[in-house]
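The values are calculated or read from the model by the stated rules, or taken from the named source; none is laboratory data. The shown structure was predicted, so the numbers you read here are calculated from the model rather than taken from an experiment. Note: ideal-geometry Cβ built from the backbone for every residue, glycine included; neighbour counts use all protein chains shown.
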Amino acid sequence: MMIDFKRPDGSSCRGYLAQAGQGRPGMVVIQEWWGLNAQICGIADRLAAAGYNALAPDLFKGRIAQDADEASHMMSGLDFSGATHEDIRGAVRHLLTLSPKVGVMGFCMGGALAIASAVHVPEVSAAVCFYGIPPRDFADPAQIRIPFQGHFARHDAWCTPALVNEITSAMVAAGNPPEIYEYDAEHAFFNQMRPEVYDAENSKRAWERTLTFLKHHL
């Protein structure tokens, strides 16, 4: 169901909430550059079925992109700092009224924001990133101090294997080795709404690894 929740600045944000029950752990689900669409709401529903209260904030305020050009335009116009410190932190705080511990997970643009949230949102207890990397001057993965799991595609022109290696090396050097998985797949391989890149086998494997990670850390 769609709800309104408070941001730290006192204003409101909309989001899709899927509940598993009071006292269950929580997960904030961060959208791709397409917006808060059926794919992201479906992931929240899957998390609820697995026993997690899940909240996906609507970072684009009701807008859903119809093509890649529109998605790129909306992502370029997003205030990443505001999304991290206000929308996502507000979602984390809302879930903490239901859940004793809350993690974040995101996909593509949301994966980058999951890393940013792991760095900047102190209430987050664990983070899962699917093929997203933020600019280092906004969020340096070396500053992550919580359990972190990443899922990346080897055939990805944005989150390239070289960039993934940089994240891993930076976190290892900082004393917080990440749990990183790389798949013989393309960017957005987890997105069932994009049959041209969706990879059912690797998606299943990544989901199982995610649930194992969350069960251990939340």
When residues of the range 7-28 are limited to those that are surrounded by 17 or more Cβ atoms within 10 Å (Cβ to Cβ) and of a type in the set (Gly, Ala, Ser), the one farthest from the chain's Cα centre (by Cα): Ala20
For the range 18-44, how many residues meet the condition of being more than 18 Å from Val128 (Cβ to Cβ) and of a type in the set (Gly, Ala, Ser)? 4
Filter the range 29-39 down to the residues that are hydrophobic (A, V, I, L, M, F, W, C) and surrounded by fewer than 24 Cβ atoms within 10 Å (Cβ to Cβ), then identify the one that is modelled with the highest pLDDT. Ala38
The range 53-69, residues that are among the acidic types (Asp, Glu) and within 29 Å of Gln22 (Cβ to Cβ): Asp58
Anything in the range 50-92 that is surrounded by fewer than 17 Cβ atoms within 10 Å (Cβ to Cβ) and closer than 15 Å to Lys6 by Cβ? List them, or say none. Gly82
Those residues that are aromatic (Phe, Trp, Tyr) and over 21 Å from Glu123 (Cβ atoms), I need them from the range 136-152; list them, please. Phe152
Considering only residues that are without any contact (Cβ under 8 Å) to a residue 60 or more places away in the chain and of a type in the set (Lys, Arg), look in the range 170-218 and name the one that is nearest to Phe107 (Cα to Cα). Arg194
Residues being of a type in the set (Phe, Trp, Tyr), closer than 24 Å to Val124 by Cβ and in contact with a helix residue (DSSP H, G or I) (Cβ under 6 Å, 6 or more places away or on another chain): count how many of those fall in the range 182-218. 1
Residue satisfying all of: in the range 119-150; out of contact with any helix residue (DSSP H, G or I) (no Cβ under 8 Å at 6 or more places or on another chain) and modelled with pLDDT of 95 or more; nearest to Thr84 (Cα to Cα) among these: Pro122
Sole exception among (1) over 19 Å from Arg205 (Cβ atoms); (2) crowded, with 24+ Cβ neighbours inside 10 Å; (3) within 17 Å of the chain's Cα centre (by Cα) for Pro134, by number: (2)
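Within the range 1-103, which helices (runs of 4 or more DSSP H) (wholly inside it) include 1 or more residues that are more than 25 Å from Pro122 (Cβ to Cβ)?
Where helices (runs of 4 or more DSSP H) fall fully within the range 1-103 and carry at least 1 residues being more than 25 Å from Pro122 (Cβ to Cβ), they are 38-49, 68-76.
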